[in-house]
Amino acid sequence: MNNTSNIYKNKKPAIFFLLPAFLFLILYLYYPFIQNIFNSFMKIKGLATPAKGFNDPVYKNYTRLFTDPNMRIALKNTLIMIIVTIVGQVGIAIVIALLVDNIKRGAKFFRIVYFFPIVISATALGLLFNLIFLYDKGMINQLLEFFGKTNLTDWKDEVHAIMTMMIPVTWQYVGFYFIILLTGLNNISDELYESAAIDGATRFQRVRFISVPLLHNVICTCCVLAVTGALKVFDLPWMMFPNGMPYGKTWLTGTYMYYYAFVASDADYSSTIAIVIVVLGIILSKVVNVIFKEKDY
């Protein structure tokens, strides 16, 4: 027994297992990020092209951020996306997880159905929703015509573009948070529910006073993931609204960074936007952690 306890107390062998992962992080995360900071102060056009010295002045890209109208649009849309992800993705996932957790039959079926959108590639989803929101002969416009609407609606115009972009992104990631929340619900002891039922608590009361409070820390984690995910979301919005169409009204921080890196061939400005995304992610995740402060049970 003593020998076994000594094995677990000796932490030195763990370094051999941690070192490869640590080296991997240095090589593919920390070094690129530090290099990205240097790139934001230099003149770099296309990717993989050498720098042509430092900008004049060296902070040129950072002053450009404050005067760039598209960057303001991207930040505004990203903040809207953060609110939508917390309320829409996490909020809907909480409701669905609580409902599925309270059914006896078919729970496995609903787990597969709600998680399925995560498995589909964003490219395929983008093409699918492009057909759904198509102006002429799109599914939604055809349904509206069936119910008597005479004029067609352009779901990608300036009025509807943001909503049209938010709906598919929300739909895609609800299943991701649903699985996390459902796992958290499964970790709650059945004895608590049985004791509450014996005391006369209704099913709604058990959800309100047992499930939701004990799910608080999991909800906090989901909110942090939602915020950081909204800051870097790219694939689905870009498939549906490339280059910020229409008229640059649908830029997000992720799509705007991609545009300057791969389309506009302005890698140094793209690096500056990337740093803004990282800084915002750190700040907003801290704010979310303060608002949804984890509790000890």
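Here are some notes:
- Remark: pairs (first residue in segment 154-167, aromatic (Phe, Trp, Tyr); second residue modelled with pLDDT of 90 or more; Cβ separation under 7 Å; 6+ apart in sequence or on different chains) = 155/133; 155/140; 155/164.
- For segment 8-42, the set of residues classified as open to solvent by less than 90 Å² (accessible area, probe 1.4 Å) and part of a loop (DSSP other than H, G, I, E, B) consists of 10, 13, 40, 41, listed by residue number.
- Extreme residue, nearest to residue 274 (Cα to Cα), among residues of segment 215-229 that are in contact with a Leu (Cβ under 8 Å, 6 or more places away or on another chain) and hydrophobic (A, V, I, L, M, F, W, C): 227
- Restricted to segment 43-91, and to residues there that are of a type in the set (Gly, Ala, Ser) and open to solvent by 20 Å² or more (accessible area, probe 1.4 Å), the residue that is nearest to residue 226 (Cα to Cα) is 91.
- The set of residues in segment 218-253 being in contact (Cβ under 8 Å) with a residue 60 or more places away in the chain, under 11 Å from the mean Cα position of the chain (by Cα) and in a helix (DSSP H, G or I) consists of 222, 223, 224, 226, 227, 229, 230, 231.
- Residues located in segment 260-297, provided they are surrounded by 12 or more Cβ atoms within 10 Å (Cβ to Cβ), more than 13 Å from residue 47 (Cβ to Cβ) and hydroxyl-bearing (Ser, Thr, Tyr): 272, 285
- Any chance residue 180 is in contact (Cβ under 8 Å) with a residue 12 or more places away in the chain, within 22 Å of residue 96 (Cα to Cα), in contact with a Cys (Cβ under 9 Å, 6 or more places away or on another chain) and β-branched (Val, Ile, Thr): yes
- Check on residue 126, open to solvent by less than 70 Å² (accessible area, probe 1.4 Å), under 18 Å from residue 240 (Cα atoms), touching a residue at least 60 places away in the same chain (Cβ under 8 Å) and assigned to a helix (DSSP H, G or I): yes
- Filtering 159, 169 for residues that are closer than 30 Å to residue 225 by Cβ and of a type in the set (A, V, I, L, M, F, W, C) leaves a single hit, 169.
- Here residue 132 passes the criteria (1) of a type outside the set (Gly, Ala, Ser); (2) open to solvent by less than 50 Å² (accessible area, probe 1.4 Å); (3) in contact (Cβ under 8 Å) with a residue 12 or more places away in the chain except the one numbered (3).
The values are calculated or read from the model by the stated rules, or taken from the named source; none is laboratory data. The structure displayed is predicted, hence computed values, not measured ones. Cβ atoms come from the backbone with ideal geometry, glycine included; neighbour counts cover every protein chain shown. These accessible areas exclude ligands, DNA and RNA; they are computed on the full protein's heavy atoms, side chains included. Shrake-Rupley method; radii C 1.70, N 1.55, O 1.52, S 1.80 Å.
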